[in-house]
1. Please work out which residue is nearest to GLY250 (Cα to Cα), limiting yourself to the stretch 264-320 and to residues that are surrounded by 20 or more Cβ atoms within 10 Å (Cβ to Cβ) and aromatic (Phe, Trp, Tyr).
2. Could you please find all residues in the stretch 73-88 being over 20 Å from PRO201 (Cα atoms) and surrounded by 20 or more Cβ atoms within 10 Å (Cβ to Cβ)?
3. When you scan the stretch 247-260, how many residues do you find that are within 22 Å of the chain's Cα centre (by Cα) and open to solvent by 60 Å² or more (accessible area, probe 1.4 Å)?
4. If we scan the stretch 372-379, do we find a residue that is among the charged types (D, E, K, R) and either at pLDDT 75 or above or touching a Phe, Trp or Tyr at 6+ places or on another chain (Cβ under 8 Å) (or both)?
5. Look at the stretch 145-186 and say how many of its residues are modelled with pLDDT of 85 or more and out of contact with any Lys or Arg (no Cβ under 8 Å at 6 or more places or on another chain).
6. I'd like to verify a number: residues in the stretch 166-204 that are in a helix (DSSP H, G or I), among the charged types (D, E, K, R) and more than 22 Å from THR352 (Cβ to Cβ), how many?
7. Do the conditions hold for VAL158, that is, is it under 18 Å from GLY117 (Cα atoms), in contact (Cβ under 8 Å) with a residue 12 or more places away in the chain and not hydroxyl-bearing (Ser, Thr, Tyr)?
8. Sort through ILE103, ILE38, ILE70, ILE42 and tell me the only one that's under 18 Å from the mean Cα position of the chain (by Cα) and either of a type outside the set (Gly, Ala, Ser) or open to solvent by less than 10 Å² (accessible area, probe 1.4 Å) (or both).
Amino acid sequence: MSEAAVARPAGRQRMLVVILLAIIPLSQIPIDAYTPAIPDMIAELHTTSTLVQNSVSAYVLGMSIGLLPIGIIADARGRKPTLLVCLGVLLVASLGCALTGDIYTLLVLRFVQGLGGCATMVIVYAIAADSFRGARLTSLSGLLGASWGLAPVLAPAVGGLLVQFVSWRGIFVLIAVLALLAAAVIFFLLPETLPDARRTPIRPREIRGVLASTLRRRIFIGLTLMFAVFASAQLMFGVVAPLLYEMQLGLSPAFYGLIALVVGAANLIGELSTSFFATRISSRMLGFAALASFTLGAVVLALSGTLVGPHLVWITVGGVLALAGCGALCPLAYGLVMGLFERNLGLIGGLTSAICYLFVAVAMGAAAGLPDDSQAPLGYIYVACAIAGFVLLALCLPRRSRATTPTSTATLA
């Protein structure tokens, strides 16, 4: 455990955790809340499904580009002020999205949204790593992942209701309001967890050195790629599913929101399982159990799409199994990465998330081009993800834990 965690009273630690759990979903809500609106946005903006789906890629691209510099700034200037500025960017961009009538303006604003929204992920995890170490950090990572996972649980359901009874523009107004509320909580209640003595000035040569040494560590690369593969799989379902449920099966946005609630709940259970089991079983056992669930879901989607075609039950069952696996694997990988380092945690978290979301942005762009008349293409991609995940888990979480390097404090298995 870090010195900060030792010095901080238990009550203040609990308050800190509650604030982090409340803030982190804001990085994900702008992705999931408006997916039920994709068909309506296509019609109102007089554009194509590919361009509207690419608004998800634009947001994710903004996140991936912003994560590393925001992590560096947070290491130099402090967690709290950096987070407040980024929430201001998110608020303004969200209001712009609510007002625009042009798809290309929307794409630009979604990119800016991503630049602001990414801070609620990278800085939250940096604050967690400032305050906790080892298995407690991995356990907290699972809780943070569960809170982050509330977005795919609740946001599509709320978004579907707003689309059904108000307008897709109301979704972006809601995001702006949430950013304002989060900023108020942070301003009044969040302590600064990075003391002046541990801040690292922005010196390009030193930053390049830290990046180079980090990228030479194979365990870092393996865990980061594992995070990237399963984060991409998780978000891909949210992009493809609305077209399958609403356009192929003829369901309403509100009904799709209810189905997304079920699938998202499975994702949430997976994330909570990482939090619960991280201090009870080995990371290897936890990782392969989660991979088994994901693989079964991938097979269900691939076979049902090939043999039956679009079907409410099979798409939902496959999605539930696959996203439960994603829910456990993503926070497991991220928590283990952050546990490898003692300093430059904003930089490391930003680098990890940037690699992940660049990967995700490419995956989302590819998903926009997938045939939307069946769940089979998504299932085949998931099978490929399962194979990659097996290789990465075997390499990163060996049967026997190897001694960590001087910068590492976490046991990997």
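The values are calculated or read from the model by the stated rules, or taken from the named source; none is laboratory data. Please read all numbers here as calculations on a predicted model, not as lab measurements. Ideal geometry is used to build each Cβ from the backbone, glycine not excepted, and the neighbour counts take in all protein chains shown. In case anyone asks, the SASA skips ligands and DNA or RNA and just uses the protein heavy atoms, side chains included. Shrake-Rupley method; radii C 1.70, N 1.55, O 1.52, S 1.80 Å.
1. Applying the filter and picking the extreme gives PHE294.
2. Step one: of the stretch 73-88, the residues over 20 Å from PRO201 (Cα atoms) are 87-88.
Listed by number, the list holds a single entry, LEU87.
3. So the first thing to find is which residues in the stretch 247-260 are within 22 Å of the chain's Cα centre (by Cα), and the list is 256-260.
Narrowing the set further to residues that are open to solvent by 60 Å² or more (accessible area, probe 1.4 Å) leaves 258.
Summing the residues that are within 22 Å of the chain's Cα centre (by Cα) and open to solvent by 60 Å² or more (accessible area, probe 1.4 Å) in the stretch 247-260 gives 1.
4. Taking the stretch 372-379 as the starting set, the residues that turn out to be among the charged types (D, E, K, R) are 372-373.
Checking the rest, the ones that are also either at pLDDT 75 or above or touching a Phe, Trp or Tyr at 6+ places or on another chain (Cβ under 8 Å) (or both) come to 373.
Looking through the stretch 372-379, at least one residue is among the charged types (D, E, K, R) and either at pLDDT 75 or above or touching a Phe, Trp or Tyr at 6+ places or on another chain (Cβ under 8 Å) (or both).
5. The first filter runs over the stretch 145-186 and keeps only residues modelled with pLDDT of 85 or more, leaving 162, 167-186.
If we keep only those that are out of contact with any Lys or Arg (no Cβ under 8 Å at 6 or more places or on another chain) too, we end up with 162, 167-185.
Residues in the stretch 145-186 being modelled with pLDDT of 85 or more and out of contact with any Lys or Arg (no Cβ under 8 Å at 6 or more places or on another chain): 20 in total.
6. The first filter runs over the stretch 166-204 and keeps only residues in a helix (DSSP H, G or I), leaving 169-189, 196-198, 204.
Filter once more, keeping what is among the charged types (D, E, K, R): 169, 196, 198.
Cutting the leftovers down to more than 22 Å from THR352 (Cβ to Cβ) gives us 169, 196.
Total meeting the criteria: 2.
7. Details: under 18 Å from GLY117 (Cα atoms): no; in contact (Cβ under 8 Å) with a residue 12 or more places away in the chain: yes; not hydroxyl-bearing (Ser, Thr, Tyr): yes.
No, not satisfied.
8. Working: ILE103 fails: under 18 Å from the mean Cα position of the chain (by Cα); ILE38 fails: under 18 Å from the mean Cα position of the chain (by Cα); ILE42 fails: under 18 Å from the mean Cα position of the chain (by Cα).
ILE70 is the lone residue from the list that is under 18 Å from the mean Cα position of the chain (by Cα) and either of a type outside the set (Gly, Ala, Ser) or open to solvent by less than 10 Å² (accessible area, probe 1.4 Å) (or both).
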